[in-house]
Each structure stands twice: as C-alpha cells, then as structure tokens.
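A short worksheet on the structure shown next.
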Amino acid sequence: MTEAGTSRMIEKVNRVRNFYRAETVPENYSGIVHLTIFSLCGVSVVIVCMLFLQNLKFAELLTIPVIFIMGNLVEYSLHRFAMHKPLENLFIIYKKHTIAHHHLFTDETMEIDKTVDLKFVLLSPLTLTIVIGIFTIPMGVFLGYVISVNVGLLYVGTAVGYMLFYEWFHLTYHLPEESWVSQIPIIKRLKKYHAFHHRLSNMSEMNFNIFLPIFDILFRTRNKVS
C-alpha cells in the first residue's frame, strides 16, 4: 500500500474506533480490569484442577496433548467458519469479529491505542462464562465419571489453559511495537503471521490459527512469513 493509502486507512480506522468506543463501551469499562479478571479466573481454574489430581498415571497425562490439539482444531474451525462466514445462527459472532474486530484492526493498524480497546480484543466475560460453565466443566464432569477424576480435571485445566494462551497471545499481537513483549522473537514472528490474516483481502482465506498454526498447516491455509 502506498504512503497516501496507508494514511487514509489509518484515518478510517481511527474514525471506526472512535465510533465503537462511543457506541459500545460502557463508561465504567476498564481494559486492565477486564484482562486481570479474565486472567485470574482462568489461572485459578487451572491451579485448582492441578491441586486435586491424585495418583496420576502416565496414560492420564495423555489428556493434555490430546485436548491441546483438539483446542487448536476448535480454535481453527470457529475462526475460519463461524467468525468469517455469516452463518444464520451464529451471525453475532461474525458481526463482532469480521465486521468489528477486523475493521478496528487492519494489517496496517494492528496496535491498540488505548486500554479501552481491550474490549475489542479480549473475549467478553459472558463468552468466558458460557464456554467454561456450559461446555468445559460439564464435559470435565462427564469424563471424570466415565474415565477417571484425573482425566476430567486434566481436561478442564488444559481446555481453560488453552483459552488463556489463546487470549494472551492474541493480545500480544495487538500491543504497540515498542512494548517489550513485541520484541520477543516468537511473538514478533507470530505477530506478522496474524497481521497477514488481518489484511482485509486475506482474512477469510489464510492464517486462522492464533496460538500455533497446526491446522493452518494441515489444511493448507497457512501463509509463511519471513
């Protein structure tokens, strides 16, 4: 993109951000509080799950890599289809992601300007509650009943831990370039990978994995970055 084109894009994004801040962010919202509560709740769940493990067997430990890979597949599938295709029953997800998030943060304007912009990067508390309370914990109870308590605990701990890493890594991709986190080599590389996905012409085609591009590689939707 030319310098003039980049300048116009930045101006457009700034107008969109100001609109969304004014129209969708409550006056008492705090991005720092949002991040802190999400992180503390997630870490607490993982710690509790680990503390209740007893007489752990090696076969039970295999739950961790299995759920990690399944989490990567779920992340990929939701991102590629629900978030980037206007499916009738999941249109609100498409609206929040494709229509809002991708126009608030383009490949030329990936960085948040203010902590209030964390509202447009992090999962909402309601989404977190639904995922953990309706999907994760009940499945953990089921696995604990049909297989073993340790498997159920490892399932919940790994699933919630994956969500934490997903959110933390995604956040780092939208931090200012001069931040110390952005200087970490692996973050710098993944940030470029995600920025390519945020190019409006690419967002529905390439780089759907956020944390690790396992299924982008398997399904050939990965664009290599230098």
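Data overview
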| read-out | value |
| --- | --- |
| Search result, residues across region 175-210 that are open to solvent by less than 20 Å² (accessible area, probe 1.4 Å), assigned to a loop (DSSP other than H, G, I, E, B) and within 27 Å of Pro65 (Cα to Cα) | Asn207, Phe208, Asn209, Ile210 |
| Region 84-111 residues that are touching a residue at least 40 places away in the same chain (Cβ under 8 Å), paired with ones that are part of a helix (DSSP H, G or I) and not aliphatic (A, V, I, L, M) (beta carbon under 6 Å, 6 or more apart) | His84/Thr98; Leu104/Arg17; Leu104/Phe120; Glu108/Thr6 |
| Residues within region 211-221 that are free of Cβ contacts under 8 Å to residues at least 40 places away in the same chain and surrounded by fewer than 17 Cβ atoms within 10 Å (Cβ to Cβ), tallied | 3 |
| Scan of region 152-179 for residues that are modelled with pLDDT under 95 and polar (S, T, N, Q), ordered by number | Ser179 |
| Entirely in region 15-95, the helices (runs of 4 or more DSSP H) that have 2 or more residues that are at pLDDT 95 or above and open to solvent by less than 50 Å² (accessible area, probe 1.4 Å) | 31-51, 63-77 |
| Qualifying residue in region 130-139 (condition: outside any helix (DSSP H, G or I) and small (Gly, Ala, Ser)) | no |
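The values are calculated or read from the model by the stated rules, or taken from the named source; none is laboratory data. Fair warning: this is a prediction, and the values are worked out from it, not measured in the lab. Cβ atoms come from the backbone with ideal geometry, glycine included; neighbour counts cover every protein chain shown. For the accessible areas, the whole protein counts, side chains as well, though only heavy atoms, and no ligand, DNA or RNA atoms are used. Shrake-Rupley method; radii C 1.70, N 1.55, O 1.52, S 1.80 Å.
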